[in-house]
Amino acid sequence: MRRPRWSEGPVTGATGEVLVGLMSGTSLDGITAAVVRFTETEGRMGIEVLAQVQRAYDRPTRERLAAALVGATPSEYTRLDFALGGWLADAAISAIAEAGIPRAEIAAIASHGHTVWHEPPHGTWQFGQPVVIAERTGIPVIADFRVRDVAAGGEGAPLVPLADAMLFSAESHWRVLQNLGGIGNLTVVPPGGLLDGVRAFDTGPGVAVLDGVTRQLRPALPYDVDGALASAGRPIESVLEGLLSDPWFEVPPPKSTGRERYTPAFVADVIARCRAARPAVRDEDIIATAAWFTARTIERAFARFVPEPVEEVLLSGGGARHPVLREAIAMVLSPRHVRSFEALYFDGEAKEAVAFAFLGWRHLMRRAGNVPRATGARGPRVLGAWYPA
């Protein structure tokens, strides 16, 4: 069903809509596109993931994006913004083709883009020109999801809690959904997905430091493949204690962070600390320390800020596939049951793309997409801006 032109605005009241969600995360791994059908029956949401596509960034692209996060020229920012719009459009087109859905039946493409800088309350900036996506696909685009929440006094993150509660809650027990992208974030979801009890916040690094350390020590590797290096190392406790002394970990939610904190300089400092603490340190020990750093930040977040009787933790994002990180989290969160998101649902790497497709659907319905208790915004807000085909 073709959406209206700009003068008419988004349509409300529709159900059975198909949207494409696009995500380029802070892990710098690549783009995820998910084609999702949303239905609503008597106030209960139903979703069907029709297709998902992963487009990995090659090394030059990853390095180009990483360089932009620490400063680039206006020319490079402009070129990269348009280039990323094209890459996002290509991923959307591939996912639509895999789903076998005519483009005319896609209600909209919901694109998170790629966060270049996130500094609430001063602002937030995502790359990936929505108009380029609209031009390339011929489909309307909803983008710029974080801006409205920040403008309303919120952190602009996390934005997945509404999807976590409405789509992935347990019927009889408290659940936490822990994402392990570049940045780690969690959503506390009460039984039955009651929105009054939903809370969410960033926990610290997901794989940003782990991947960064691996890439600095082993430039030929995009990340610690299959956890092979970390599994052969021993974490350095004194370094972990030093890293965990960062006052940010004691700041109560709502709170968010990003690569503006976990920069290449931060990664280099982690490596230097490890070498100073253990003169004969191996690369494997440093990488193991980085993996355990993420696990310990999650342990601290639960101890300080999750008083709810959580029985189950579902891990998603690229870090959920790292065996050392996954096992470390299970260890520090015991006796809670820790398992992968995909054990109950679909591929966890597509979860955030599906969540942004859901936020796009909420935009079409003129319904709020943020959870003020999670972001600290002054109230519920319809998120995103509409870019016509």
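All of the numbers you see were taken from the coordinates with simple rules; none came from a lab. The structure presented is a predicted model; accordingly, all values stated were derived computationally and were not measured. Counting neighbours? That spans all protein chains shown, and the Cβs are built from the backbone with ideal geometry, glycine included.
Some notes on this structure:
- Based on Cα contacts under 8 Å between residues 6+ apart, the stretch 246-389 shows a relative contact order of 19 percent.
- Whole-number D in µm² s⁻¹ for the stretch 115-226, Kirkwood Cα-pair radius fed into Stokes-Einstein, 4 °C, 1.567 mPa s: 79 µm²/s
- Binned Cα-Cα distance frequencies in the chain - 20 Å width, integer %: 30, 59, 11, 0
- Using the empirical formula 2.2 N^0.38 Å as the baseline, the Cα radius of gyration of the stretch 169-344 reaches a ratio of 1.02.
- Note on the stretch 169-344: dipole from Cβ charges, positive end direction compared against His322, Ala220, Pro235; the farthest Cα belongs to Ala220.
- Computed on the Cα trace of the stretch 15-81, the radius of gyration divided by the Kirkwood hydrodynamic radius gives Rg/Rh = 1.18.
- By the beta-carbon count within 10 Å of each Cβ, the least crowded to most crowded order of Ser334, Ser316, fewest first, is Ser334, Ser316.
- For the chain, share of DSSP beta bridges that run antiparallel, in % to the nearest 5: 70 percent
- Inverse of mean 1/r across different Cα pairs in the stretch 288-329, Kirkwood, Å: 11.0 Å
- The stretch 189-272, relative contact order [Cα under 8 Å, separation at least 6], %: 41 percent
- Here Asp224, Asp29 are placed in order of increasing Cβ neighbour count within 10 Å, fewest first, which gives Asp29, Asp224.
- Relative contact order of the chain, pairs being alpha-carbon contacts under 8 Å that are 6 or more residues apart, as %: 22 percent
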